[in-house]
Structure formats: structure tokens, C-alpha cells
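Inspection log for the structure reproduced underneath, given as C-alpha cells.
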Amino acid sequence: MENQNNVKILLISASPRKYGAVNFVREFVVKLCKDIEKVDVIAIDVYDFNIMPCIGCVSDDVKLCKLPCVIDDDMKKLYEYVINSDAIIFATPIYWYNIPGPLKNFIDRLTILENAIFTEGRSKMEGKVAGFIAVGNDAGAIAVIQNLMAVMNSFGAIIPPWALAYHESEDEPINNEKFLLDIANVVRCATLMVKLVKEGKEVKYWYRADEEYTALITSIAREVYKKLEDSLYLNS
């Protein structure tokens, strides 16, 4: 699908369970980006990459924390994705009121981009738009999202209205229409905010919940869910 809005979204998921709820959210967001918002999207899962923990160069000397990172791992490629994106949307499970370890490693390693304030004069995260989606069988979604919001805002990212969606239930996310609508609006509001920042386009309203939009979002979600369900059945 052609990018009609000149917006580049980076979707970062964090789940080792390719048959789980986070993978459904990931595929759903990708389809929303392409079919509804008509923007470019790159989807990565941190479990697919070798991301070593940060070694804290910045604590020794703020000038040492700069690109290229001294750690030789897959972050070299992931830094390119982050720098070239307009918006970053996180889709994460809830691990004891927090994010999984590999995602924590990824975020800690973004310090090098934020620290460009001191090495280059401006954070490489400044002005990027952020959105947040958390999924789990138990409580903790708000704690996860609050933490991610605080970090991204401290990096210099912009948090738009309705930038969060969460599902806390043992029931499948596909059965939570409000969650599906919230996800769609995370993508929508991230796109609108990027356009507002880049082009100064006025936003008449952010969150959509009209019947036509809700029906469309639900239909897309069920299409994605069935495709994943069929794929898992064939591979079992």
C-alpha cells in the first residue's frame, strides 16, 4: 500500500510466543497502518534480535555514550530503524507489572540516541511520536504503560492523545471490541500527531468511535485473527 501520508511507523513488539496475543496485536497494527492509515510500517520483535544489556558508558563520561555503540550486536541495525521512524508504537506483554527483559535491554540501549543532546546538541529521539499497547492475563498494564511513557517522554518523544491501549484478561483480545478500537486509535492518533508536527495539519478530532469505523476495525481484527488461527492450525 502506497504511503499517502508521508509517515513512517516503527512497531516494536516483545514476545517469544508467536502464537500469543502480542503477535495478534502486532499483525493487527501492521494491517491498520497499511489499510486504514496508509502509512509505512516496519514491525520488529526484540526476541528476534541479539540485544545485549547496556554497560553504562554514560555513567563514566557523558561524551563516551555516542554512536557507534561500543557493543557489537544487532542494535546497530535497530538504531537505523529508530532514527528513520516518525513514530514508535510498542506492543508488549505484561511480565510482573513490567516489560520483558529483551525489551528493557532495547530501551536501555536507546540512551545513546537520547544522549546525543550532549554529544551532538539534540536528542535523536526528540520529536518522535510514541504509542503504547500492553496485553496480559492479569493486572499490570497501566504500570507497564506508565513506565514506557515516562521513559519515552524523557527521551524527548511526543505522547499524543489516546496513546494507549491495554487488555487484562484471560479471554482472547479478539473478543474485546473496546481494546480493538483503542488499538486502532493508538495508530490513528500517532499518525495524526506526526502529520501535525511535520505539516502543521489541523486535527478536528482524534479518537474515532463511530459505528462505521468500529465495524471496520472489528472486521479487520477478525480477518487477522482468522489468518493467524489458520496458519497455526496448518503448522501444528
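The values are calculated or read from the model by the stated rules, or taken from the named source; none is laboratory data. Bear in mind the structure is a predicted one, so any value in this text is a computation, not a measurement. We place every Cβ from the backbone using ideal geometry, glycine too, and count neighbours over all the protein chains shown.
General remarks:
- Count of the range 156-168 residues which are surrounded by 22 or more Cβ atoms within 10 Å (Cβ to Cβ) and over 14 Å from the mean Cα position of the chain (by Cα): 1
- Residue selected from the range 147-167 under the condition in a loop (DSSP other than H, G, I, E, B), out of contact with any Cys (no Cβ under 9 Å at 6 or more places or on another chain) and aliphatic (A, V, I, L, M), by the criterion farthest from Glu114 (Cα to Cα): Ile159
- For the range 67-102, the tally of residues that are of a type in the set (Phe, Trp, Tyr), out of contact with any Ser or Thr (no Cβ under 9 Å at 6 or more places or on another chain) and on the phi < 0 side of the Ramachandran plot stands at 3.
Residue-wise test of (1) more than 25 Å from Asp35 (Cβ to Cβ); (2) touching a helix residue (DSSP H, G or I) at 6+ places or on another chain (Cβ under 9 Å); (3) aromatic (Phe, Trp, Tyr); (4) in contact (Cβ under 8 Å) with a residue 60 or more places away in the chain.
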position	(1), (2), (3), (4)
Ala143	yes, no, no, no
Val151	yes, yes, no, no
Glu172	no, yes, no, yes
Asp182	no, no, no, no
Met193	no, no, no, yes
Tyr207	no, yes, yes, no
Glu212	no, no, no, no
Ile217	no, yes, no, yes
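- Per the listing Thr111, Thr119, the residue uniquely in contact with a Cys (Cβ under 9 Å, 6 or more places away or on another chain) and at pLDDT 95 or above is Thr111.
- Residues (more than 23 Å from the chain's Cα centre (by Cα), part of a helix (DSSP H, G or I) and of a type in the set (Lys, Arg)) located in the range 30-70: Lys63
- The sole residue among Val224, Val144, Val194, Val187 that is part of a helix (DSSP H, G or I), within 23 Å of Lys8 (Cα to Cα) and touching a Gly at 6+ places or on another chain (Cβ under 9 Å) is Val187.
- Residue satisfying all of: in the range 77-97; assigned to a loop (DSSP other than H, G, I, E, B) and over 15 Å from the mean Cα position of the chain (by Cα); nearest to Gly20 (Cα to Cα) among these: Tyr95
- Single residue of the range 101-135 satisfying the filter (among the acidic types (Asp, Glu) and in a loop (DSSP other than H, G, I, E, B)) that is nearest to Phe24 (Cα to Cα): Glu126
- Whichever residue in the range 137-150 is within 20 Å of Val187 (Cα to Cα) and among the small types (Gly, Ala, Ser) and, among such residues, is surrounded by the fewest Cβ atoms within 10 Å (Cβ to Cβ): Ala150
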